[in-house]
There are 2 protein chains.
Amino acid sequence: MEQQSRLAGTVRPGGRTARTRAAVLEATQDELVECGFHGLNMDRVAAKAGVGKTTVYRRWGDPAGLVTDLMAELAESSAPHADTGGIEGDLLANALNVLGAVTDPRLGATFQAVIAAATGNEAAAAALNDFYLRRIRAWAPVVDRAVARGELPEGTDGMEVIRAVSAPLYYRLLVTREPVDEKVAEHAAARALAGARAGAFT
Amino acid sequence: MEQQSRLAGTVRPGGRTARTRAAVLEATQDELVECGFHGLNMDRVAAKAGVGKTTVYRRWGDPAGLVTDLMAELAESSAPHADTGGIEGDLLANALNVLGAVTDPRLGATFQAVIAAATGNEAAAAALNDFYLRRIRAWAPVVDRAVARGELPEGTDGMEVIRAVSAPLYYRLLVTREPVDEKVAEHAAARALAGARAGAFT
């Protein structure tokens, strides 16, 4: 899902607090990418961000708190959905955006680290759930518009169609550990669309 | 994917070596379920299995070696694909089998632990890839038979249809962290089938 790979440029301008948060989240993402969730160390994040340890502990509490805030910021800084004028183009854009995110070295490693952490950590799981539902909700309107244009059957479930576009990419990425590329993304979009046209998502 | 939740009863009868392997893999699965991959400890596995440490280190090398062998055994002991006489029933059986496996407390936790480990461990990733490709290959013939019966278009890619049935379940389970239940499984099977009937998997 499209967002900047680096947070620094995307965090909204603000005062000292906003700059502290930006530095801490940037350092959190660095650590996640390099060491994974199990290696995420509050003291090292503070040092890397140039922020006092006390501030980091007081504001974020624990590594899961850092990850939760990072995911919220990533959701916030994600671009809105595409509007190509047709459902085929919109779903392809969605699939390519997911592909871009998961194959981006920094962003992809971030997602994988949080997904791995979620197996043993409820807060990480909640952060994931929040992030992905926000992204699914952000894209569902492309399906609603397609229904309004008569491209898809009445009652097609937009969130389910968007989930169906992402699912095959993540399945290969995380479960079968097979490569994901543009062909995989195109297939995912085309197959979700075929199912939707056939009324399987109503 | 259907297999016994506990290995003990399914490991092929054999001599002392086979019994040692069964005990060690059973203990490995216990540890994975309780502590995750990061908590998998060779000495504790040996103690739990009642087997000498030296044997465990010599034969399996490291925790990843244990997980690789466990996944091979789970693949081996999985039941073959369904044969309900029609593609609709076969794909539904596949979806319900995946559902049964991922929601089984012991088996589901095992998969999640190995999936989480695969993010930072190449050997765990290879073990996953091997396990799931074996399961996908085991089920693909239900699609080939459907093509032969004229239920699906010529050239439909059986492995891709089987992947498409699993993907939405794992996506919810691992990525969006949403519940998976029979309804989700039924939808996954019906939507893959609708796409396949529409020729989106050729």
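The values are calculated or read from the model by the stated rules, or taken from the named source; none is laboratory data. Not measured: the values here are computed from a predicted model. Every residue, glycine as well, gets a Cβ built from its backbone with ideal geometry; the counts of neighbours run over all protein chains shown. Please note that ligands, DNA and RNA were not included when accessible areas were found on the heavy atoms of the full protein model with its side chains. Shrake-Rupley method; radii C 1.70, N 1.55, O 1.52, S 1.80 Å.
Segment A:92-145 and segment B:62-92 have Cα centres spaced 28 Å apart. Under the convention that each Lys and Arg Cβ holds +1 and each Asp and Glu Cβ holds -1, the size of the dipole of chain A around its Cα centre is about 620 debye.
Accessible surface calculations at 1.4 Å, restricted to protein heavy atoms, place segment A:137-193 at 36 Å² per residue. In terms of its Cα atoms, segment B:83-129 spans 41, 22, 12 Å along the principal axes, sorted from long to short.
Hey, any idea what % of segment A:81-197's accessible area is carbon plus sulfur with a 1.4 Å probe? The value for segment A:81-197 is 52 percent carbon and sulfur by accessible area.
In segment A:139-182, the residues whose accessible area drops by at least 30 square angstrom when the other protein chains are added to the isolated chain are A:Glu160, A:Arg163, A:Ala167, A:Tyr171, A:Arg172, A:Leu174, A:Val175, A:Thr176, A:Arg177, A:Glu178; the probe is 1.4 Å and only protein heavy atoms count.
Per residue, the solvent-accessible area of segment B:40-90 (1.4 Å probe, heavy atoms of protein chains only, all protein chains present) comes to 45 Å². Selection among B:Leu152, B:Ala126, B:Ile87 by position relative to the dipole of chain B gives B:Ala126 as farthest towards the positive end (Cβ unit charges, Cα centre).
Averaging the sequence gap over all C-alpha pairs within less than 8 Å and six or more residues apart, then dividing by the number of residues, gives segment B:60-202 a relative contact order of 29 percent.
Which shape class applies to segment B:117-182: rounded if a/c is under 1.5, otherwise prolate when a/b exceeds b/c and oblate if not, where a ≥ b ≥ c are the square roots of the Cα gyration tensor eigenvalues? It comes out oblate by the Cα gyration axes. Rounded, prolate or oblate: which fits the protein assembly as shown when a ≥ b ≥ c are the square roots of the eigenvalues of the alpha-carbon gyration tensor, with rounded for a/c under 1.5 and prolate only if a/b beats b/c? Oblate, since a/c reaches 1.5 and b/c is not below a/b.
In square angstrom, rounded to the nearest 10, how much accessible surface does A:Thr54 have for a 1.4 Å probe? The accessible area of A:Thr54 comes to roughly 100 Å².
Total accessible area buried between chains B and A, 1.4 Å probe, in Å² to the nearest 100?
In total, this chain pair buries about 2900 Å².
Can you tell me what the convex hull of the Cα atoms of chain B projects to on average, as an area in nm²? Convex hull of Cα atoms, orientation-averaged projection: 11.6 nm². Sorted from longest to shortest, the spans of the Cα atoms of segment B:15-74 along the three principal axes equal 30, 22, 17 Å.
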